[in-house]
Each structure stands twice: as C-alpha cells, then as structure tokens.
Amino acid sequence: MKFKPEEIDKFKEIRENLSDREILDFLLVIASCRPACLLMDPEPEELELIEDFCETIGFEIFISRDEDSSLLGNRGVFIYRDENRRELIEESNGRFYGLDDRDVGKFLGFPDEDTKYFHNQIRNHPVEPETREKVDSMKKEGLITSKESKIVDIVSYVPKPDEEGIYRALDKSKKYLRNIEDFDEQNKCEIGKHVVESFLGITLDSLQDLN
C-alpha cells in the first residue's frame, strides 16, 4: 500500500500511542498481511487519532462495547479494509467485547483450527503457555531453528500447540515479514522495520537467512 508522506507521519504519531503488539497488528493490515485487526480499549485521544487516520486511508472501523468485559476493557475497536467484512461480527454475541470469539477470529482472518482451539480451551485455562512449551520443544528437537522460534509471536492469535499449528504460524510470520519489508521499500521508509524490531527485540538483519 503506497502512502503519502503525511499519512506516514500520522501512522508514526499513532505508533507513539499504542503498544508494540497493537501497532504491529495495525501494520499487518496496512501491509496487506491481514484483513483486520483489533485494538483493545484505546483512550479517547488515541481513538481520535486512529479514526482520523483510517478515514484518510479509506479503512473502516467498528466499535463493539461490553460493560461487563472488565478484563479486556469495555471497548474493542475493529479496523478493517473491506466494508463487507463487518457482517462477520455484526450479529455476533459472546464474551469477547460482547462478541463470540469464534466470529472475532474469522473476522480477523485467523486460521479456523487455531480459533477453535482457543475457543474450546480458554474457559479452562490460559492457552499461551502450552503453545510456548510446544515451540520450545520443537526447537530443542531441531524441528525449528532458534530464529524461527522467535518470530512465532508475529501472528497475534495463539497457535494450536501441535506441530501443524506451529508450522502454520511460522509460514504466516515469514510471509508477514516479507510484506512488511515490501511496505518499507515501497514507501521509502523504515517504519515497518522499527515496529517489528521493537516487538521482537531483535534486528531484522539477524533474520535475513530465514527461508
């Protein structure tokens, strides 16, 4: 996606107001990696910046509120490119900002297998530790490299903790990195590079030999 210089400046201003996870998710939509993202309960001034930016670049916003979702916050801000995508969550009902987490996963473009795993397990226990243990196990077994284990978190869903789920997340992560590099090259900037490096805590140069 080709940006005007003033649009890049607006995105940089938003970056200063969001977490590394949130700004990476937003960037993945901008760089055509994902169809949508979710920002959790932004402050009013942050939301104002986001709404202005999305209007400028032609993105859509859907805000779902749930006064009972104190753990997540009361307001989920869904950002997406295709206006028809809103239909996937418009009639939804559940615990995730008042929406069903399966519908949210579909809306965000997450793999069905991983979304179903999350839905079936989240009521019983946190799902992230099992996935991290599986990633560490696969690294020790030589099934994935140390560098590959570092980039699994680029996808913002929790991969199902089996080999297929981890490989699926790795394939997506590598594609996302390529798209972000293309975005920087197209816009003659390094904003994508800086966002990824801040999120991962390592340099993109160190990942150049990933297949």
Going through the stretch 64-93 in order, the residues found to be at pLDDT below 85 and on the phi < 0 side of the Ramachandran plot are Arg65, Asp66, Glu67, Asp68, Ser69, Ser70, Leu71, Leu72, Asn74, Arg75
Note on the stretch 122-159: residues crowded, with 18+ Cβ neighbours inside 10 Å, more than 21 Å from the chain's Cα centre (by Cα) and outside any helix (DSSP H, G or I) are Ile144
Members of the stretch 85-121 found to be under 20 Å from the mean Cα position of the chain (by Cα), more than 20 Å from Leu39 (Cβ to Cβ) and in a loop (DSSP other than H, G, I, E, B), listed by number:
Pro111
Does the stretch 162-211 hold any residues that are outside any helix (DSSP H, G or I) and of a type in the set (Gly, Ala, Ser), and which are they?
Gly201
Are any residues in the stretch 12-45 part of a helix (DSSP H, G or I), touching a residue at least 24 places away in the same chain (Cβ under 8 Å) and surrounded by fewer than 22 Cβ atoms within 10 Å (Cβ to Cβ), and if so, which ones?
Lys12, Glu13, Ile14, Arg15, Asp20, Arg21, Val29, Glu45
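The values are calculated or read from the model by the stated rules, or taken from the named source; none is laboratory data. Worth saying up front: this structure is predicted, and the values here are computed from it rather than measured. Counting neighbours? That spans all protein chains shown, and the Cβs are built from the backbone with ideal geometry, glycine included.
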